[in-house]
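Working notes, structure below.
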Amino acid sequence: MQDYIAGRVRAQRVEVFERVADGLRIPGKMFNLAPRPWEAGGVSRSDVTSPSQPENGEAPVLRREFVKLGAGLAAGTFGSSVAGRPSAVSGSRIGLSALAELRANSTRLRSLDDHLGGAETYRLYVAEVQRTAALLKAKSFSGEIRRELLQLFAEQAQQAGWAAFDAGWHEKAARLYDTSYAAARDARNEELAGNALAHQAYQLVSTGKRGVDATNASVAIARATADPAVKSLLYQRAAWTHALAGDARRTGELLGFAENALTLPFAADQGPGWAAWAHTPTELQIMAGRCWTELHKPLRAVPVLENAMTSYADSHARDKALYLSWLSEAYIDAGEVEQAAAVANRALDLSAGIASPRPAQRLDAVIDRFAPYRAAAEVEDLLARRPINPGKVGL
């Protein structure tokens, strides 16, 4: 397996994809395969690691290495057939079958963000953007296919922008979000344009800048759309922007709008994939807990974050490490320093080896808050494990 991970050997046959998928119980759709025999119970990618069986020790690292292998396999077969399966993206004209293939490949690669950092996925996502841009320039298609292709291009640019943001490459992220917004508007997809604005606002506030204007524009789109998942996602991200601006009233209002969206009739296979992931009670709890932590309201933050983390798989190591950092901070605000240190240590365990600077940056800021309590044994151990903050050493 290490030869595949290191790129010294490439998988050329479906059997290889099947063996590695079965080896660590990764659903077949992540490799464009039919569902594996053990998936009969309806296993989804979020269920690969059961919350009732938390990953400890080497298991999270092993799974991340396996998913890196998956990324390498995806890159090796990108734009070509897999095991002799012909590609529909050929010839001079793009039709429905070619569009379906492009979307399936993009969806498969997008799922890698659940397990890998942006520094590992950015190259794959940018390749998708570049490929679709080339098709838009070189191929012929009907007006409706062009619109669908533009929407796909906008989604891919958002995903690549997110990977750049996650890797700390903010200029690249900003350019990709701008590109995505223009493409979404060209495709007359206001919801997708709203998500580009939400991404822009998220990046702005994460780098200490004002993001309220972009957020307010995305909220107007959230109000206008009939799609519950889009409403939920845009309202959640808007709540985050206002929480960082210190506006507790508006934050609570927007979280309420997102909660109301969860009560609306919704079929997961009908909403856009870029929004459906956030349309769950767990994701809303996570966002609410983060917001209330930033607003220093631990009595609201701790219960929802604790509840969400019990069902959040360790295989989503980057995100779980980040979310635990907010839970640790909320415990500090509540005066529960020992519990805060235990949670921070768990976040450090999960963040090891992740190709994203964000967990280290977040945990560095949280650990600063333990300084007044360094006499406690738990805190002394935590301070000794302090990660290197890439932002402080110019990485």
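The values are calculated or read from the model by the stated rules, or taken from the named source; none is laboratory data. Quick caveat, the model's predicted, so the values are computed rather than measured. For neighbour counting, all protein chains shown are included, and Cβ atoms are generated from backbone atoms with ideal geometry for every residue, glycine included.
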Could you check the range 159-168 and list, in sequence order, the residues that are buried (at least 20 other Cβ atoms within 10 Å of the Cβ) and either of a type in the set (D, E, K, R) or in a loop (DSSP other than H, G, I, E, B) (or both)?
D166
Conditions (1) at pLDDT below 95; (2) closer than 19 Å to Q200 by Cβ; (3) not β-branched (V, I, T) -> A276 fails only (2)
When only residues in the range 360-380 that are surrounded by 15 or more Cβ atoms within 10 Å (Cβ to Cβ) and among the charged types (D, E, K, R) count, which is farthest from W326 (Cα to Cα)?
E378
Out of G256, G289, G246, sole residue that is in a loop (DSSP other than H, G, I, E, B) and of a type outside the set (S, T, N, Q):
G246
Lone qualifier among L135, L149, L192, L124 - being touching a Ser or Thr at 6+ places or on another chain (Cβ under 8 Å) and either outside any helix (DSSP H, G or I) or at pLDDT below 95 (or both)
L149
Can we say A344 is at pLDDT below 95 and in a helix (DSSP H, G or I)?
no
In the range 243-257, which residue that is touching a residue at least 40 places away in the same chain (Cβ under 8 Å) and not polar (S, T, N, Q) is farthest from W292 (Cα to Cα)?
A245
Return only the number of the condition from (1) surrounded by fewer than 20 Cβ atoms within 10 Å (Cβ to Cβ); (2) in a helix (DSSP H, G or I); (3) of a type in the set (A, V, I, L, M, F, W, C) that A226 does not satisfy.
(2)
Residue match in the range 169-184 (condition: of a type in the set (V, I, T), in a helix (DSSP H, G or I) and farther than 19 Å from T241 by Cβ)
yes
